[in-house]
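These notes concern the structure reproduced below.
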Amino acid sequence: MVLVTGATGTVGGEVVRALPARLPSGLGVRVMARDPARAAAMFPGVEAVAGDYTDPPSLAGALRGVRTAFLVTARVEGDDDAVFVAAARAAGVRRVVKLSAVAVLDPGADDLITRRQRAGEETLRGCGLEWTLLRPRAFMSNSLSWAASVRRERTVRALYGSAPNACVDPRDIAEVAARALTEEGHAGRAYTLTGPQALTAVEQTRELGRLLGIPLRFEELTLSQARTALAARFPPPLVEALLASAERQRAGAKSHVDDTVHTLTGHPARTFHDWARDHIEAFTPAPDPTLAPAPDATSDPAGTGTRRHTP
C-alpha cells in the first residue's frame, strides 16, 4: 500500500493522479486527510482515511499495511515530520518520500519556513527508514492567486515583477514522487526539481495574455502593499518568511535551472506555457457584454474562422 498525505493539496493531489500508471500489481493507494469525505470525492475509487499529525492514533490507522508513504507537512509550528516518522516506523513502513524545498540548499535562506524544512529533512535522514527528499522550486500553480484579478480586471499584481524564478509544474514533481514511491534506486537521494527556464512575473503575465488572446496589465506591488495582502491570509511569522523569500528571489537566488525532471521522467520539464495552457480556464474573463459577439465561423463569408479556440 502507498499512502499519500496532503492529497487534497496541490502536489499531493497530482501524486494520487500519477501513481496508477506506476503501481506494481497488487499495490494500492490510500490517501490521508483531515477531511476524508472531501478526499474521497476528489478521488473516486481511492481509499480515503482520516489522519492528523496532532492525533498519533489516527496516523497509526492510516499507516497500517503501508509500504511507502508520501509526506507533506505545511505547519511551521509543532513537529509534524517527527510525529509522522515515529508512527511510520511503528507501523513497519519501509520508505518515506518527503516534499521539501530547494531553499534548504541556500545558505542565505534563514526564514522560518526554510528552517522548518531543514529540520524535517534532518528528522527523515536520521529515522532509520529509507528516505527520498524532493526539493522543488516554487510551483507554477502559485500563479492561480492572480486568477481573480485577471478575470475581473485583466491585471496581475505581484511583488518584484522582474525577479526570475525557475518555477516547476506540480505534475512534474508528482511524476518524480510516483517513481520514488514505487521504484528502487531512490533511497537516500535528494532531488532538486525546477522548470526548464527562469521566468519573471512580468513574463508570466505576458504568456497568460497571449494564451487568453487579450492584453494583461502587470502592476508591481510595493513592499507595504505585499505585506498587507499577505497579512490577510497568513500569520505575521509566515508573512515575514514569505517576504524574505521574495527578497532572495529579487537577488537572483531562484533562477538556477536543474535538469533532474528530465533525467528521472524521460521528458523535459513542462514549461509555464504548458501549465498555463492546461489551466487557462481559471484565468478566462467573462464575456464583456458591451462587445459584439464574434461571428460564428459558419456564417463568415470569407471563411476566416474568427472564433478563437483555446485548447
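Worth a mention:
- Among residues of region 50-63, those that are closer than 26 Å to Glu183 by Cα and surrounded by fewer than 14 Cβ atoms within 10 Å (Cβ to Cβ), counted: 0
- Listing of helices (runs of 4 or more DSSP H) fully contained in region 1-84 that carry 1 or more residues being within 28 Å of Gly126 (Cβ to Cβ): 10-18, 56-63
- Residues that are free of Cβ contacts under 8 Å to residues at least 60 places away in the same chain and charged (D, E, K, R), drawn from region 1-56: Arg30, Arg34, Asp35, Arg38, Glu47, Asp52, Asp55
- Positions within region 199-247 being under 22 Å from the mean Cα position of the chain (by Cα) and aromatic (Phe, Trp, Tyr), in sequence order: Phe234
- Where Thr263 falls short, out of the listed (1) at pLDDT below 95; (2) among the hydroxyl-bearing types (Ser, Thr, Tyr); (3) within 30 Å of Pro107 (Cβ to Cβ): (1)
- Identity of the residue in region 25-49, out of contact with any strand residue (DSSP E or B) (no Cβ under 7 Å at 6 or more places or on another chain) and over 23 Å from Pro170 (Cα atoms), that ends up surrounded by the most Cβ atoms within 10 Å (Cβ to Cβ): Ala37
The values are calculated or read from the model by the stated rules, or taken from the named source; none is laboratory data. The structure presented is a predicted model; accordingly, all values stated were derived computationally and were not measured. A quick note on method: Cβ atoms are made from the backbone with ideal geometry, for glycine too, and the neighbour counts reach across all protein chains shown.
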